[in-house]
Amino acid sequence: MNIDQLNTDYGIPGNLTFATGKGGFPMIHIDNGKAKALISVYSGQVLSFQPATETTDLMFLSEKAYYAEGKAIKGGIPICWPWFGPDPEGLNRPSHGFVRNRLWNVLETATTADGATKVILGLKDTEETRGIWPQTFELAIAITVSTTLTVELITRNLGNKSFPLTQAFHTYFQVGDINRVEVLGLENTQYLDKVDGGVEKTQLGAVAIANEVDRIYLNVTNELVINDPALNRRIRIKSSGSKSTVVWNPWVTICANMADLDDTDYQRFLCVETTNAATDIVEVPPDGEFRLEVIYSIE
Ligand SMILES: O=P(O)(O)OC[C@H]1O[C@@H](O)[C@H](O)[C@@H](O)[C@@H]1O
């Protein structure tokens, strides 16, 4: 992708510019007075979002993240699609699908009536993607940067048969001190405990993190709040199109074994993922579309 051409076609003077970032990937820099954001065109991924009123980024982005073709970038909002977690058909295809590690296309940029900046990136099936997943599709991500951050993932089925879909906004939230963080809104909700062989359990009280946590919460209907006393902020998560939520923190050992995380990084992030996962499977009909949306605000 030619950066000058991207700026000519899609740049918004004073608000949005394209520049070559790490790994040679095209990056979108937004600074519109309401917030600053960094979006990678590779992987269709928000890497950074900070409202003008805040002193700390909403996102955690690993210092050791890979910026290389075929690898996922650790941090921000990776997109898991068209499956969440391991290959649902056991064919050894990559975990979390195949769109978080490929270059997307820039489809549109705009300033909205209320001064927000909107970016739409997209992917279509190719011979290569049909070799991995035999569906004809259009995928778009619409990212709206304002005092809040809105991300919408739109799946269109262009084929003549319905297909099942699981997916996630695999968001890495920056937190001040993992030991003091709690997630509110999941009280009395059933979850599958992946750290305990997938056993179904009931959440009692707020979610606190004191060891490895890898859970799929089911039938989630509430807005969620991450209460982070160390950073003196509350992050509100409002979603639509999702009935499940994943809460993940690798804790000491898994973190130390991940080459793209620093050994102590588990203390500085929590993934609270807006998903269609486990039994929350979406069927996308032929000629149909499905929208998964999330809005993040900081209080
Ligand atoms: O390192 P990755 O591939 O981004 O995945 C990280 C984690 O992603 C979470 O969503 C899963 O629930 C975990 O099981 C997984 O380990």
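The values are calculated or read from the model by the stated rules, or taken from the named source; none is laboratory data. Keep in mind the model is a prediction, meaning the values are calculated, not measured. Please note: Cβ atoms are built from the backbone with ideal geometry, for glycine as well, and neighbour counts cover all protein chains shown.
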Residue in the stretch 216-258 that is farthest from the ligand (Cβ to nearest atom), counting only those that are closer than 19 Å to ILE77 by Cα and either basic (Lys, Arg) or loosely packed, with under 15 Cβ neighbours inside 10 Å (or both): ARG234
Residue that is farthest from the ligand (Cβ to nearest atom) [pool: residues in the stretch 49-74 that are small (Gly, Ala, Ser) and more than 18 Å from the chain's Cα centre (by Cα)]: ALA52
Single residue of THR171, THR148, THR126 found to be away from the ligand (no atom under 16 Å from the Cβ), among the hydroxyl-bearing types (Ser, Thr, Tyr) and closer than 16 Å to GLY76 by Cα: THR148
Single match in GLY205, GLY288 (criterion: on the phi > 0 side of the Ramachandran plot and over 21 Å from the mean Cα position of the chain (by Cα)): GLY205
Flag if PHE60 is farther than 30 Å from ASP265 by Cβ, touching a residue at least 12 places away in the same chain (Cβ under 8 Å) and crowded, with 20+ Cβ neighbours inside 10 Å: no
Output for the stretch 190-215, where each listed residue is of a type in the set (Val, Ile, Thr), surrounded by fewer than 19 Cβ atoms within 10 Å (Cβ to Cβ) and not in a strand (DSSP E or B): VAL195
Check on GLY205, more than 14 Å from the ligand (Cβ to nearest atom), among the small types (Gly, Ala, Ser) and modelled with pLDDT of 95 or more: yes
Cβ-Cβ under 9 Å pairs, at least 6 apart or on other chains, the stretch 164-188 side in contact (Cβ under 8 Å) with a residue 12 or more places away in the chain and at negative phi, far side part of a helix (DSSP H, G or I) and away from the ligand (no atom under 16 Å from the Cβ): VAL175/GLN267; ASP177/GLN267; ILE178/GLN267; ASN179/GLN267
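Yes or no, residue by residue, for (1) modelled with pLDDT under 95; (2) buried (at least 21 other Cβ atoms within 10 Å of the Cβ); (3) of a type in the set (S, T, N, Q); (4) more than 16 Å from the ligand (Cβ to nearest atom):
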position	(1), (2), (3), (4)
PHE84	no, yes, no, no
PHE98	no, no, no, no
ASN105	no, no, yes, yes
ALA142	no, no, no, yes
ARG156	no, no, no, yes
GLY159	no, no, no, yes
Residue that is surrounded by the fewest Cβ atoms within 10 Å (Cβ to Cβ), among those in the stretch 2-57 that are at positive phi and assigned to a loop (DSSP other than H, G, I, E, B): GLY14
Long-range neighbours under 6 Å by Cβ, at least six apart or interchain, first residue over 15 Å from LEU107 (Cβ atoms) and without any contact (Cβ under 8 Å) to a residue 24 or more places away in the chain within the stretch 1-19, second aliphatic (A, V, I, L, M) and surrounded by 14 or more Cβ atoms within 10 Å (Cβ to Cβ): ALA19/MET27
